[in-house]
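One structure is given here, and the rest of the page talks about it.
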Amino acid sequence: MMSPHPVPTDLGGLLRVMASTGLAHQVGECRHPVAVAGSSLLVERGTGRIVDRLDAATTPGRVVGLRCRSRRATVCPACSALYKLDAYHLIAAGLHGGKDTPAQVADRPRLFVTVTAPSFGPVHLGPDRHGQPRPCHPRTRRTAAHRSCGRWHLAADPAIGTPLDPTGYDYPGQVLFNANAGLLWARFTTETRRGLAAAAGLPRAVAARQVRVVFAKVAEFQARGVVHLHAIVRLDGADGPSSAPAGWASVDLLDHAIHAAIRRVEVTTPACRRVPARRLRWGRQVDVRPISRAGDLSETVVARYVAKYATKAAETVGVDLGPIYCRTCDGHGTNRATTVLCHRCSGTGRRPGVSLRHLSGHARRLVDTCWWLGAQPGLGRLTLRRYAHTLGFRGHFATTSRTYSTTLTALRAERRNWMADRHAERAGVNPAGVLVVGDWRYTGPGGGA
């Protein structure tokens, strides 16, 4: 899978790709390099004198290799590691300052929140959160209504997360929850703001002028194939990170508002002829804890934890696929370079399709459910076929409020500016007095390693 598309030829885009390679002719350990041909000139601003030149015609193969910049660790570990580092700095800046974020954010009320999905049927259990083995659904009165297991699954057991009774498992409900997790989160943040205002005895408009709720969150797939969300929730003043919230906005008040919001929010899916309407809510397992300067839930620990999941997708469930598009039975991928026949239309003699044979029975059932639900009237807006490779989850795996801290764009700009300055220094000129002018064109994958 190749992450980028044709490399831009504008100055900002050129600096970005040059920084990605460190102005080198090779891409190092990138698994899916991108090849571009052309040249770039380091030009003195005042005189127009060419100070230095990078020309792909002088490199082996007449191309320059660029990193693919994939986020996913299973696609490209090297580029994913760089993305994880950027994600860590972004999250950490919102906890203790830095990267143009004031250090005062460390003194604000802030909580680390984990919300989970409800049960869609009993699944095989692995070790507990402390890594200790435990019996998987031993036969008791509580399990008399469904199958029992009683085994002790080790951490690497592929049975963990799979249903005890696949025929009775609510696959449509799980896929619909994944598809609506983003909407549930949006309603949760709205309800949290309302809860803060109600607890303070203020109209919502007045409370909004005194307190602003900001967050950074990441989605993690559980072994059963459903997402749960980890989030940092912080209170700022009305002017953002540079201003303190009103005195009444405390950690305890925020904790109360969050728990109340989790209990209240729900999303109702439309009813179809073959799919009844469902009320989707968060699961009963909720974890809300204050973030400290040091200790088991320190700023550094939280930032590392959140950044770790920013580079993962559904591979935890064993689904390591790219987007599945189909010209035959689904038309929304016809303008994409990755358009293929779906697994249902493969074998018709048209062209090879996407094979799902390597998936486990549970993972394949989830992908099939996405494809089936995507064809149901009333559920078309969810575009579930387009997100079959993420088991229906349609959101970004890592998101932040606009004023939480810095942005990935700003971090990448800082890095490419640093690389451009080093390039000028090696050429013996003042970095402020030169300009990079380039003419690059995309030639295909395989920039050479």
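The values are calculated or read from the model by the stated rules, or taken from the named source; none is laboratory data. Here the structure is a predicted model, which means the values were calculated and not measured. Methodologically, a virtual Cβ is constructed for each residue, glycine included, from the backbone with ideal geometry; neighbour enumeration extends over all protein chains shown. Note: areas computed on protein heavy atoms with side chains; ligands, DNA, RNA excluded. Shrake-Rupley method; radii C 1.70, N 1.55, O 1.52, S 1.80 Å.
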Just by accessible area at a 1.4 angstrom probe, what is the order of Cys149, Cys136 from largest to smallest?
Cys149, Cys136
Lys/Arg Cβ at +1, Asp/Glu Cβ at -1, dipole of the stretch 130-264 taken about the Cα centre: which of Ala244, Val218, Phe177 is farthest positive-ward?
Phe177
Please compute the per residue accessible area over the stretch 230-318 with all protein chains in place, 1.4 Å probe, rounded to a whole number of Å².
50
Estimated distance in nm for a label pair at Gln285 and Ser39, the labels positioned 7 Å out from Cα along Cα-to-Cβ:
6.0
Please report, as a whole percent, how much of the solvent-accessible surface of the stretch 358-449 comes from carbon and sulfur atoms (probe radius 1.4 Å).
52
Between beta-carbons, use under 15 Å as the cut-off and find the net charge around Asp170, counting Lys and Arg +1, Asp and Glu -1.
+4
What ranking do 306-314, 395-403 get when scored by the average of other Cβ atoms within 10 Å per residue, highest first?
306-314, 395-403
Sorted peptide list for 150-160, 115-125, criterion being average Cβ within 10 angstrom, highest first:
115-125, 150-160
Could you size up the charge dipole of the stretch 117-203 around its Cα centre, putting +1 on the beta carbon of Lys and Arg and -1 on that of Asp and Glu, and report it in debye to the nearest 20?
260
Non-local amide H neighbours of Asp52 (under 5 Å, H modeled in plane, Pro and chain starts lacking H): which ones?
Leu42
Probe 1.4 Å, protein heavy atoms only - accessible area per residue of the stretch 73-169 in square angstrom:
52
At 1.4 Å probe size, with the rest of the protein present, what percent of the exposed accessible area of the stretch 199-303 is carbon and sulfur atoms?
48
